[in-house]
Amino acid sequence: MPLLEVEQLKVHYPLRRGLLGRVVGTVKAVDGVDLTVNAAETVGLVGESGCGKSTLGRAILRLTPPTSGRVRFEQEDLLALSGRDLRARRRRIQMIFQDPFGSLDPRLTAGDSIGEALEIHRLTPHRTARSTRIAALLESVGLTAAHAQRYPQELSGGQRQRIGIARALAVEPRLMVCDEPVSALDVSVQAQVVNLLQDLQRSHGIAYLFISHDLAVVRHLCQRVAVMYLGRIVETGPTAEICTAPRHPYTQALLAAVPSLDPSRRLRRLLLPGEMPSPIHPPTGCPFHPRCPVAEARCRTETPLLRTSTDASHRVACHLVPSP
């Protein structure tokens, strides 16, 4: 059984105008997503900015209220929980945020930020045990016990992100939702944080849902990839297969834009016209058809389903990709 199962998850926001707040439309940020993450697995979620990746990640943890659907974690529906039960389950799912400075309270030291999680879930019996645990967590992310006394503004971006990882790690989660955790860091620091995440996965057996627009990082870190466009998954499968033989035209365009010094890994550059449509007024039929270079008449009227392509693990939402 998968550790996490997301079924037909939707996050719709009503668009209101006027003094009375009359609803004049709906923003379909996430529009019927199916996704699974297995234990100790890393699944990449990629797509352009504004496609709904971060909203999906926050909806899984119920930081953003879902409109409908189901989120099953360890075979329990998180959307049916509330209060104390939800708080207890959230201990098992943690989030690493994109902005390491904005995710830390500037009034708290690094040690207090980590210790806050320990106190909320009552994981240390007394202050001495708490200090010992904080020092061990800092060491596990490549810092020292001395960093516990520093405030976020006294740390570098990479150090702040390591504090965020230590805080998430403090409650011994089984799954971490990583919302572009390296995009705000320098390239050299990005590699260090990615390697740290891999080391923590090997030592703790943690699963990751890794949200990113950087396909080079996803290729290095993830076993499976889900490609998102305008609130929907358009292709999903093993990373190696997606990166070497993408089937959906949108995935092909994303991969063709990734710089590579290896001629064997270069794909023919595919330029997409225009920008991603507004989620307020999505296109009829296939959401990608206004930008697709191979779209046919059927694509403008019929919405493609996410179906099996080359094998059961590789699925594509495209009318022009034949089934096996």
request  = Report the residue count in region 131-190 for those that are of a type in the set (Gly, Ala, Ser) and under 29 Å from residue 46 (Cβ atoms).
outcome  = 12
request  = Note down all Cβ pairs under 6 Å where the first residue falls in region 297-324 and is more than 14 Å from residue 284 (Cα to Cα) and crowded, with 18+ Cβ neighbours inside 10 Å, the second is of a type in the set (Phe, Trp, Tyr) and at pLDDT 90 or above, and they're at least six residues apart or on different chains.
outcome  = none
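Looking at region 33-42, can you tell me whether even one residue there is small (Gly, Ala, Ser) and in contact (Cβ under 8 Å) with a residue 40 or more places away in the chain?
yes
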note = Filtering region 292-308 down to residues that are in a loop (DSSP other than H, G, I, E, B) and out of contact with any Asp or Glu (no Cβ under 8 Å at 6 or more places or on another chain) yields 292, 293, 294, 295, 296, 301, 302, 303, 304, 305
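Where residues in region 225-250 are assigned to a helix (DSSP H, G or I) and free of Cβ contacts under 8 Å to residues at least 40 places away in the same chain, which of them is nearest to residue 278 (Cα to Cα)?
Restricting to residues being assigned to a helix (DSSP H, G or I) and free of Cβ contacts under 8 Å to residues at least 40 places away in the same chain, the top hit is 243.
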remark   = When (1) touching a helix residue (DSSP H, G or I) at 6+ places or on another chain (Cβ under 7 Å); (2) surrounded by fewer than 21 Cβ atoms within 10 Å (Cβ to Cβ); (3) not in a helix (DSSP H, G or I) are applied to residue 176, the one that fails is (2)
inquiry  = Residue under question is residue 98, and the condition is that it be assigned to a strand (DSSP E or B), in contact (Cβ under 8 Å) with a residue 40 or more places away in the chain and over 17 Å from residue 9 (Cβ atoms); does it hold?
reply    = no
request  = For residue 18, indicate whether it is on the phi > 0 side of the Ramachandran plot, in contact (Cβ under 8 Å) with a residue 24 or more places away in the chain and surrounded by fewer than 17 Cβ atoms within 10 Å (Cβ to Cβ).
outcome  = no
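Quick one: is residue 208 crowded, with 21+ Cβ neighbours inside 10 Å, in contact with a strand residue (DSSP E or B) (Cβ under 8 Å, 6 or more places away or on another chain) and among the aromatic types (Phe, Trp, Tyr)?
Yes, satisfied.
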ask   = Looking at (1) at pLDDT 95 or above; (2) at negative phi; (3) in a loop (DSSP other than H, G, I, E, B), which is the one condition that is false for residue 40?
value = (2)
note = residue 106 vs (1) surrounded by fewer than 20 Cβ atoms within 10 Å (Cβ to Cβ); (2) over 23 Å from residue 211 (Cβ atoms); (3) out of contact with any Pro (no Cβ under 6 Å at 6 or more places or on another chain): all pass except (3)
request  = Determine whether region 28-45 contains at least one residue that is of a type in the set (Ser, Thr, Tyr) and farther than 28 Å from residue 314 by Cβ.
outcome  = no
key: The listed residue being outside any strand (DSSP E or B) and closer than 26 Å to residue 215 by Cβ, out of 129, 146, 117, 59   = 59
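The values are calculated or read from the model by the stated rules, or taken from the named source; none is laboratory data. Quick caveat: nothing in here was measured; it's all calculated off a predicted structure. Neighbour counts run over all protein chains shown; Cβ positions are idealised from the backbone, glycine included.
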